[in-house]
Number of protein chains: 2
Amino acid sequence: MKFAATLALAAAMFALATPASAQFAKPEDAVKYRQSALFVMAQHFGRIGAMANGRAPYDAKAAVDNAEVVAEMAKLPWAGFTANTDGLSQKAKADIWKEQAKFKEHNEKLVGDTGRLLAAAKTNNLDNLKTAFSQTAATCKACHDNFRNQ
Amino acid sequence: MKFAATLALAAAMFALATPASAQFAKPEDAVKYRQSALFVMAQHFGRIGAMANGRAPYDAKAAVDNAEVVAEMAKLPWAGFTANTDGLSQKAKADIWKEQAKFKEHNEKLVGDTGRLLAAAKTNNLDNLKTAFSQTAATCKACHDNFRNQ
């Protein structure tokens, strides 16, 4: 029993001690991963934006389909901002690694906002979609303003 | 009534007539989209492979988390293989557009396999994960052999 508990504790500590960078074969993969996830998210988010801004006809099902992808993708990119990628991308400001708590706060805000965007899409009401889209877009912008070189 | 029916028919025909390429601002975006989705999927699939092949310790929760992303990502890339991207990427064979039914069959097989991979991960049984991983990897390879330049 004690041995098992010790093993479990060791495993938990290993998990905590394993840096996120261990998930990627090389730092360049982490950069490519986060850029890929953000690009896929942006494509689907843009399609919702086109409906919200009247550039495309409102299609309730397409809005939900796109919002589902956006909400899933919003969870992914952050794992790619590993410490060993500082300086590898021109776009990522060093502040990401200097102000990690603030960066994480932005990441989590986006996850929350995109969850609400999906809920709004599911109401099949364009006004709800517009409101949630604006809120999410503002969150994207706030993070870009703080942490991305223009 | 007749007018409404005509309108509905016109809308349906418009939906059918709108090419998938209309979802992307330019053909290069479609290429980048599919490559991004495949890269994100491959990263998560590789982590399951590491467990299946004994290169990483088996972690049942991580297997499920990764399989969830794989199953979601497996649905996405195909929309990026729009006809107007034929010739834009060195890796994509022209056969993709010449044998569309066969290509689609491969795509759908992957969606099915990754769904089963997720179900296998959820059994929390490494042997089930190994079997489903091998099956999915074989499906990746079959499509690459047919449609991707090496």
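Coordinate-derived values only; no laboratory data. Not measured: the values here are computed from a predicted model. Positions of Cβ are backbone-derived with ideal geometry, glycine not excepted, and every protein chain shown enters the neighbour counts.
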* Select from the range B:54-63 the residues that are more than 11 Å from every other protein chain (Cβ to nearest Cβ) and part of a helix (DSSP H, G or I) and list them in ascending order. => B:60, B:63
* Structure fact -> The correct count of residues that are under 14 Å from the mean Cα position of the chain (by Cα) and of a type in the set (A, V, I, L, M) in the range A:109-137 is 4
* Structure fact -> So, first residue within 9 Å of chain B (Cβ to nearest Cβ) and more than 18 Å from residue B:46 (Cα to Cα) in the range A:27-51, second residue part of a helix (DSSP H, G or I) and small (Gly, Ala, Ser), Cβ within less than 6 Å, six or more apart or across chains; the pairs are A:39/B:36; A:40/B:36; A:40/B:37
* **Residue list for the range A:85-98, restricted to those being touching a residue at least 40 places away in the same chain (Cβ under 8 Å) and more than 15 Å from the chain's Cα centre (by Cα)** => A:85, A:88, A:89, A:90, A:91, A:93, A:95
* Structure fact -> Per the filter on the range B:64-87, residues more than 12 Å from chain A (Cβ to nearest Cβ), in a helix (DSSP H, G or I) and either under 25 Å from residue A:31 (Cβ atoms) or among the aromatic types (Phe, Trp, Tyr) (or both) are B:67, B:78, B:85
